């Protein structure tokens with residue numbers, strides 16, 4: 001129940017705007033054939049950003065580390081820096097009030113994910129993989 005309340009408050013306070021930012025970034029990336037994998041990642045993150053409580057991002061064991069590092073560098077250049085900046089600004093504004101601090105912390109976590117989201121998998125916090133080392 002607490003997750004539901006947190007997600008609804010997040011959606012109203014910051015989730016909708018950051019979701020739109022990810023959707024727009026995905027549309028811009030999808031314009032080119034080369035950007036389509038990045039657009040898919042952006043849309044995947046959009047649905048994570050709009051309802052984040054109760055889910056987490058883990059490293060995907062099926063990804064190749066070298067390829068993922070190069071892809072994350074391209075992601076950072078194309079869209080990651082300004083999406084992360086949006087999360088940082090949102091988190092800073094949310095942390096101004098006492099009640100907004102948990103949401104600000106969540107925004108900072110999402111900023112870290114926005115820097116390098118590739119080779120990550122979104123799982124429920126009820127999933128045992130969410131806490132595996």
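Could you order the peptides 5-12, 63-70 from most to least packed, using the average number of other C-beta atoms within 10 Å per residue?
Numbers: 5-12: 14.9, 63-70: 11.9.
In decreasing order of mean packing, 5-12, 63-70 become 5-12, 63-70.
Does anything in the stretch 31-47 have its amide N under 20 Å from the 7 Å Cα→Cβ label point of residue 89, and if so which residues?
Under 20 Å, as judged by backbone N against the label point of residue 89, lie 46 of the stretch 31-47.
To the nearest 500 deg cm²/dmol, what mean residue ellipticity at 222 nm is calculated for the chain from DSSP H runs of n ≥ 4 alone, each contributing -39,500 (n - 2.57), summed and divided by the residues?
Values: 6 runs with 78 residues, N = 133.
After summing the helix terms and dividing by residue count, I get -18500 deg cm²/dmol.
So how much slack lies between residue 121 and residue 11, counting 0.36 nm per residue of separation and subtracting their Cα-Cα distance, in nm? Intermediate values should be presented prior to the final figure.
Working: separation 110, 0.36 × 110 = 39.60 nm, distance 2.13 nm.
Result for the pair: 37.5 nm of gain on full extension.
Pairs of Cα atoms under 8 Å, at least six residues apart: use those to get the relative contact order of the chain, whole percent. Present the calculation step by step, with values, prior to reporting the outcome.
Details: 156 pairs, mean separation 37.5, N = 133.
So the answer I get is 28 percent.
Coordinate-derived values only; no laboratory data. Predicted model, so just to flag it, every value in this text is computed and none were measured. All Cβ positions, glycine included, derive from the backbone under ideal geometry; neighbour counts span all protein chains shown.
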